[in-house]
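Down below is the structure, laid out as structure tokens.
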Amino acid sequence: MSAPTLATRTPRTKTPRRGKSFGIDARPGFLTYGILLAFFLGGAFPLWYSMVIGSSTGSVFASTWPPLLPGGQFWTNVAEVFATVDFWGALFNSIIVSGVITFSVVSFSTLAGYAFAKLRFRGKSGLLVFVIATLAVPTQLGIIPLFMMMKEFGWTGSLGAIIVPTLVTAFGVFFMRQYLVDVIPDELIEAARIDGASMIGTFWHVAVPAARPAMAILALFTFMTAWTDYLWPLLIAPQNPTLQVALSQLQSAKYVDYTIVMSGAVLATIPLLLLFIVAGRQLVSGIMAGAVKG
């Protein structure tokens, strides 16, 4: 029997040792998990401590060491919140305001971002520079002109006065433009136009499916921003409050019961947590689908 030749031998490949591989196939080590755990604990601690204070009695701050575990007074404090403010009415107002603003910002920003990214028209560069330049203007500078405009229209005290000034944002337009400029090939748009698709049809069948991951991210951040907005709803519609404005009424002029305030803050945070839990998996799957298609 002849010995096997070198050509027939199967070369042995070295398997990378765990913790010493690099690149896309590298496995995270203890340091990576430690950093992620530290960020998670740092982000979750404020919510946890709000729950601890919100479930305690008013004598919680008289103790030498602050408590680290929730007490048994949470539902009692929640009942006090319901008795002090119109929580359900304010919750309904916040849902309406945040939902309409989110839908409008995502729709208009996707349309404008697609136009700036893929369409050719006169003055496109100048308009884009103008949109980006508005990001440098502090929002507080526009409060007085906006208030005067809403008063002139007779909208003060209505939810429309809260919604209309934020129907579209410069950040949303710039964000969608930066995403769509690379994710949609020009050849795909030309092929759709050759097949007879109209301008709107090309946008709906080509741009929207490609932009879904970015639209999901923009929707989450827009909803969170609108949900937590406090200054403008307080100025323009204090008699028709959103949830954040209503919870500010829990603080009296002479005495602040932080257990009641924190229990209200926990209640206001629960809808955001539910939104992230429901939409989180769809958001990640949409991002991965967009990355695979790209």
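For region 53-205, the dipole from Cβ point charges (+1 on Lys and Arg, -1 on Asp and Glu) about the Cα centre works out to 400 debye, to the nearest 20.
A cut-off of 5 Å between modelled amide H atoms, ignoring neighbours fewer than 5 places along the same chain, links Ser55 with Gly71. Surface composition of region 139-240: carbon plus sulfur atoms contribute 68% of the solvent-accessible area (1.4 Å probe, protein chains only, all chains present). When nucleic acids and ligands are ignored and a 1.4 Å probe is applied, Thr228 ends up with an accessible area of around 70 Å². Using the 1.4 Å probe convention, the accessible area of region 197-236 works out to 48 Å² per residue with neighbouring protein chains retained.
A prolate overall shape is assigned to region 73-148, the ratio a/c of its alpha-carbon gyration tensor axes (a ≥ b ≥ c) being 1.5 or greater and a/b exceeding b/c.
Starting from the Cα gyration tensor of region 66-223, take the square roots of the eigenvalues, sort them a ≥ b ≥ c, and report rounded, prolate or oblate (rounded when a/c is under 1.5, otherwise prolate if a/b is larger than b/c, else oblate). Prolate, since a/c reaches 1.5 and a/b exceeds b/c. For region 153-281, the C-alpha radius of gyration sits at 1.49 times the compact-globule guess of 2.2 N^0.38 Å, with N the residue count.
Between Leu234 and Arg212, the modelled labels are 4.1 nm apart [label points 7 Å from Cα along Cα→Cβ].
The values are calculated or read from the model by the stated rules, or taken from the named source; none is laboratory data. What you see is a predicted model; the values in this text were computed from it and never measured. Neighbour counts are summed over all protein chains in view; Cβ atoms, including those assigned to glycine, are modelled from backbone coordinates with ideal geometry. Accessible surface is based on the protein model in full, side chains and every heavy atom, while ligands, DNA and RNA are left aside. Shrake-Rupley method; radii C 1.70, N 1.55, O 1.52, S 1.80 Å.
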